[in-house]
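Everything below concerns the one structure shown next.
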Amino acid sequence: MTTTRAARAGVGTWTPAELGVLLQAVEPVAGPSAPAGSVTVRGRAVEVVPCSDGTGPRHGDLLACGRLVARLETAIRSVGWEPRREVAEDAAAEPLVTVEAVRRRPAIPLALARHRVDRRLREGFPAGRDRPELSQVVDVVRGASTTRSWLVLSNGPTQDGAPAWHGPGAPIPEAEGVDLPWRWDPVLAVCTHGDGARDHVAGGIASHRAVVTAGLRGLRADVHTAPLDGAADRAAWGRRLDPRAGCVQALVHLYP
């Protein structure tokens with residue numbers, strides 16, 4: 001369960017309506033429980049601390065933290081603010097991530113659409129009917145990539161940043177033993193140059209952006225991190241899939 005704390009209201013704080021939108025972003029309505037963590041509101045900033053078992057947050061915890069940050073940024077944009085994110089280099093830092101609303105910026109239609117889809121996904125998004133098409137996969141890759149992370153196809157070629165998906169997919173040797181429909185559905189790999197705490201959070205943000213963009217395009221998406229819990233595994237997937245990639249942080253399975 002995610003713990004949410006609010007500071008006292010005062011000058012430059014969120015309005016009750018804005019706080020309601022932020023609360024919806026950190027408390028999923030349906031599906032698995034949110035990862036344990038802490039979200040604290042201070043003024044117009046939101047501080048995020050990932051869960052920890054006492055030995056420090058693990059890779060999956062940091063990815064989950066990144067996904068939570070992506071939801072918060074989507075919510076902040078939807079209420080007409082531009083978010084600015086700061087991520088600590090040390091995974092044990094508290095807070096690890098601070099997201100601040102720095103200035104007013106009217107919400108564009110795409111920001112509102114992303115927020116609606118994000119909400120619908122957590123309420124239970126209706127399944128699609130057709131298999132993912134190439135254009136949909138390309139849109140997800142382009143919509144999810146950030147300055148610190150990018151996506152490539154893990155069961156097919158990616159040429160100049162564009163995935164060339166067509167079935168049947170061709171899984172790489174590292175995928176052996178990973179229970180995903182590699183030959184039937186596109187599976188995207190979230191790549192980063194480094195493998196520090198900031199890269200893990202960036203991978204989580206890109207993963208959630210991929211989920212929301214897939215929803216905008218009529219697809220569903222699941223994020224998988226278990227095959228990449230070890231640093232050696234993340235590096236091996238990166239070497240296999242993209243010479244630019246230091247590591248693969250997560251896998252995003254697209255399906256109808």
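For the chain, take the convex hull of the Cα atoms, compute a quarter of its surface area, and give me that in nm², please. The Cα convex hull of the chain, projected and averaged over all directions, gives 13.3 nm². Peptides 89-96, 52-59, 189-196, 217-224 ranked from most to least packed give 189-196, 217-224, 89-96, 52-59, packing being the mean of other C-beta atoms within 10 angstrom over each peptide's residues. Taking every DSSP helix (H) stretch of at least 4 residues in the chain, weighting each as -39,500 (n - 2.57) and dividing the sum by the residue count yields a mean residue ellipticity at 222 nm of -11500 deg cm²/dmol. How far is helix 16-26 tilted off the main Cα axis of the chain, in degrees rounded to 10, range 0 to 90? For helix 16-26, the angle is close to 30 degrees.
For the chain, the longest principal axis of the Cα atoms and the long axis of helix 231-241 meet at an angle of about 60 degrees.
Centroid-to-centroid, using Cα positions, the stretch 56-114 and the stretch 235-253 are 23 Å apart.
Assigning unit charges at the beta carbon (Lys, Arg +1; Asp, Glu -1) and nothing else, what dipole magnitude in debye, to the nearest 20, does the chain show about its Cα centre?
Values: 31 positive and 28 negative charges, 207 e Å.
Charge dipole of the chain: 1000 debye, to the nearest 20.
The residues packed around Leu96, meaning those with a beta-carbon under 9 Å from its beta-carbon, carry a net charge of -3 if Lys and Arg are +1 and Asp and Glu are -1.
Net charge in the neighbourhood of Asn155 (other residues with Cβ under 13 Å of its Cβ; Lys, Arg +1, Asp, Glu -1) is -1. For the chain, DSSP calls about 90 percent of its internal beta bridges antiparallel. Modelled spin-label separation between Ala162 and Arg84, with each label point placed 7 Å from Cα along the Cα-to-Cβ direction: 3.7 nm. Seen against the Cα atoms of the chain and their longest principal axis, helix 134-144 is set at about 40 degrees. Electrostatic bookkeeping for Glu86 treats Lys and Arg as +1 and Asp and Glu as -1; over the other residues with beta carbon under 12 Å from its beta carbon, the sum is 0.
Here the simple spin-label model places points 7 Å from the Cα toward Cβ, and for Ala107 and Ala92 these points are separated by 4.0 nm. The fewest-to-most ranking of Val178, Val117, Val140 by surrounding Cβ atoms within 10 Å reads Val178, Val117, Val140.
Bear in mind that the values in this text are calculations on the coordinates, not laboratory data. This is a predicted model, so every value here is computed, not measured. Cβ coordinates were reconstructed from backbone atoms using ideal geometry, including for glycine residues, and neighbour counts include every protein chain displayed.
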